[in-house]
1. Percent relative contact order of region B:342-496, based on C-alpha pairs within less than 8 angstrom and at least six residues apart?
2. Among the listed pairs A:328/B:27; A:402/A:439; A:229/A:469, give every one whose C-alpha distance is greater than 26 Å.
3. Take residue A:344 and residue A:239, extend 7 Å from each Cα along the Cα→Cβ direction, and tell me the distance between the two endpoints in nm.
4. Quick check on region B:58-198: take the gyration tensor over C-alpha atoms, sort the square-rooted eigenvalues as a ≥ b ≥ c, and tell me if it's rounded (a/c under 1.5), prolate or oblate.
5. How much net charge surrounds residue B:242 when only the other residues with a Cβ under 12 Å from the Cβ of residue B:242 are counted, with Lys and Arg +1 and Asp and Glu -1?
6. Rounded to the nearest 5, what is the percent of antiparallel bridges among the DSSP beta bridges in the protein assembly as shown?
7. So, counting K/R as plus one and D/E as minus one, what does the shell of residues with Cβ under 12 Å around residue B:473 add up to?
8. Would chain B count as rounded, prolate or oblate if I go by the C-alpha gyration tensor, calling it rounded below 1.5 in a/c and otherwise prolate when a/b exceeds b/c, oblate otherwise?
2 protein chains.
Amino acid sequence: MDNAMLCLWPDQEPRFGTNIQHYVDFKKAFSLQTFAEAARIVSDKLHGFLEDDGIQGVSLEPPLALLSAARELMAEPEGAGFNAERFSDILDLYLRTTVKVHSRGYMARQFSSVVPVSAVFDMITAMAPQPASYYEAGQLANVVDRVMADEFGRLIGWKDGSFAMVSTSGASLATMTAVLAARNSLLDGSWEDGVSAEGRGRGRPAVAVGEDAHFSALRVAGILGIGQKQIVRLPLNARRQIDPEGARAALDAAAARGLDVFCVIGTAGSTSVGAIDPLVALAELAHARDAWFHVDAAHNGAFLVSDRLRARVEGLALADSFCLDAHKTLFVPGLCTLLFYRDASVADIAFPHKASYVFDPEDDEMSRFQSGTKNFECTKRPSILNLWLVWALFGRRMFEQKLDYLVDLTCAAHDLIADQPDFDVMHQPESNILCFVHKPPWVPADRLGHLQLELRDRIRAEGRYFLSKVELDGSTVLRMVLMNQRITQADIAELLKAIRRHADDIRDGRPVVRGSHAVKAPPMEDALRTGTLDEAW
Amino acid sequence: MDNAMLCLWPDQEPRFGTNIQHYVDFKKAFSLQTFAEAARIVSDKLHGFLEDDGIQGVSLEPPLALLSAARELMAEPEGAGFNAERFSDILDLYLRTTVKVHSRGYMARQFSSVVPVSAVFDMITAMAPQPASYYEAGQLANVVDRVMADEFGRLIGWKDGSFAMVSTSGASLATMTAVLAARNSLLDGSWEDGVSAEGRGRGRPAVAVGEDAHFSALRVAGILGIGQKQIVRLPLNARRQIDPEGARAALDAAAARGLDVFCVIGTAGSTSVGAIDPLVALAELAHARDAWFHVDAAHNGAFLVSDRLRARVEGLALADSFCLDAHKTLFVPGLCTLLFYRDASVADIAFPHKASYVFDPEDDEMSRFQSGTKNFECTKRPSILNLWLVWALFGRRMFEQKLDYLVDLTCAAHDLIADQPDFDVMHQPESNILCFVHKPPWVPADRLGHLQLELRDRIRAEGRYFLSKVELDGSTVLRMVLMNQRITQADIAELLKAIRRHADDIRDGRPVVRGSHAVKAPPMEDALRTGTLDEAW
């Protein structure tokens, strides 16, 4: 190559070095003083945020108003330094519109009140990254994958070295990865040749999921080239678990239609009611048909850490793969998902690296520790470290005790609500989710569902509590998810009083009571009735 | 339902409330005092970390030693409170093994030295989440998607309202989403019926990528059911860009083999040399064949923010979709990827929600703002807010100036190295990546590649600088990626001296010089020669 070749400078630009002044301003953004000031402001704000024991649900603001507020905060100062006041305004706007996971009023969704030290740790991993797919880039992160795998392996009852764990970003990605592993193992050549209708010569490839499966499990068939029409839905029993007998019949019927179910997906902790499918029976059913058994245990896989609750998910040990979300029920920041394979040798079959030019076949100590060939991500946040950090500082029993508390609290809520003549509970809780309805005597039976919706809207608008709603067999019911250790039985009792008060308001035609923030917003009941979110968490 | 039905308490367990003492300990983990102490410790550590202007590359430690260290930090204290000393030890271990993005010695990979205020903000989004797929859960996050889309739309030159932007977690996921959108739009029925060899009746569905495409683009064909064999590789020119004439010939040859390329993937900022494909020509080529044109602009899409550099990626305006990683070249924490669609109406075709039971067909103001139907994630970190925060506080010109500086610095490095008689540069840099070789007169031509590998190893082992290596046309060359505004021309000159010193050591048979941390580790040159990472970033 010609050493005299010079870099192409734009003709109109002065050469580098002659206009170094041009570059001075931007370095203010990286100054140590700016960091120190911002860290102090954020710490103070969060201190106040956590200290606040006020009862808050959610304060929904209209998007267009929020859009104006966000745009007003962008002044594009030319080379200005750090503006502490604007920064503080931005934090206030963020905290005002955030999910109130630390409040005793927030009972709507599977969002965790995180262990504060793990959120603090996120500042470290953001500033000094350990992109965790490769050993060189994420040394501690990759090693800690192994540490946490071993801890869970003991709890599952799997033999050391026989299984694998891959940390990844969300149960949607974990389930896609697992079904891809199933597809690549069982449908020979599907990675290389593509998916074909012939599959493994037993019929058209298909995937079976329960009627209450999360929407991300349904998407997988579309994404992986199997096709949505090749999803076999498995019927539920009265507890909203997959019914093994019904499932057998559904699989038989599917086979008769020419479908070859190569993967059965169970759920441990359904979004709607927290139901846990009969995992042992489903594992047997799947394996008898040479199908892979995956469990979406995003919500209740965490029961493994509790000596008392572990038995509820014992079938996980029989699954070919399962995932759990530590950012849900192990109380660390999102996204921290653990994907387990019972057989370590299939862990890198989802993304066969022999086909790629990237991964050297050489197998050394460091590459054995790194996860890049097993997870989808190239750059991956080292979120597993948040889980490990809390585990190291406070021990497994901290998770156990909080989970036991939440499950017991949900039981207590169940008993309290079941005792009220004007309420019905819909199920015995298997987890920390409880569905129920308020049925004051004045409500005609055919308006019961509408009342629940109206109650949900009014409770939300007031901004003190926040419940969600779900449709169960066509009926709208209220749903509480108890994720926060601050919530007590007294809070549940207060909530019931508030529900009765709102019902009286509806009966008497009184207007909606609006909370301080919601006051600024126009009426939104109709707009909020889309229910978009309610089946997701 | 029977109101007398009671919750199932485990027989062996005391009822809730009778053993409330059992639950006391775990609440220590959530105490305000613990938060305050942890936040203070982390702020102090990071202050020291950022203040340190020492020149460091990487300090690789053997996994088994690190595993022991990690396990020793787990004492599982039963109900113990926060142990500040252990927390501090964990932070030290993390920082010791992290990627040294803030050091002037780290020049190896596309990892950003982040704007500190955005890392601080991550503590807020971790503690008080705004899971960003749904408006109710991530109000500000969803609105800010729109704000940032508008900012970029103006820079791209797209008409307001005509395009869409989806924030997602990594370019791998963005590219998968975009190719899925292409597949679902062009291969009719592939979401519902599955992928078929018939495709759109023009041949077997195929995807075309450049010879230097990132491995994640190659994986997509396997994941989506197209098949790795249906990947058409497009040849490169001397600047390692896809050659449009060669590409045309390759597409013709593919068609003759019965392949129907429905998606062409270009790159703006290749991993190896930072090359930008001729996007305008490729867009024309793809569109003339009714194929979708996607650009993986993970690295150089950020050029849009610079008035001077924008012209280098002008073809992005013609792409059907492209993605850029703000966590690479806009200097915010990972993962913050922006996926753009030129035509807003195709943005929700990757995950057709009509097929799902989740999403209500009702189209209201809030659901128009939310991203859940357009992105893969169900729970999504609101990383877009980190980008917006920095943009709001410091303005677009901050990004522009840092990018201009890095690109100019790379040009200066090119000129400096090209001027040395004992070095060769491999290309004119189009970005902030430069490949070169050291060729002292005593090295035989057939050992030149081996020398670069040995130099890379020795430089890394010393721990002062860190370069990567890549294979270009079968030759091993050194590679620098300049991501850090602290690096100056003087640092490049010092690096060259260090390279010469290491080469002299090799020539004279002197042992490897090891840095303070690396001293603890056994020799690892061989283990590290896997090159696993080098094609990824």
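1. Details: 139 pairs, mean separation 25.6, N = 155.
Over region B:342-496, the number comes to 16 percent.
2. The pairs that break the limit, which is 26 Å between Cα atoms, are A:402/A:439; A:229/A:469.
3. The modelled label-to-label distance comes out at 3.5 nm.
4. Prolate is the answer for region B:58-198, as a/c is 1.5 or above and a/b outweighs b/c.
5. Details: positive: B:233, B:239, B:240, B:248; negative: B:211, B:212, B:243, B:245, B:277, B:296.
Residues close to residue B:242 contribute a combined charge of -2.
6. Of the beta bridges lying entirely in the protein assembly as shown, close to 55 percent run antiparallel.
7. So the surrounding residues net to -2.
8. Verdict is oblate for chain B.
Values in this text are rule-based calculations from the coordinates and carry no lab data. Computed from a predicted model, the values in this text were never measured in an experiment. Cβ sites come from the backbone with ideal geometry, for glycine too, and all protein chains shown count toward neighbours.
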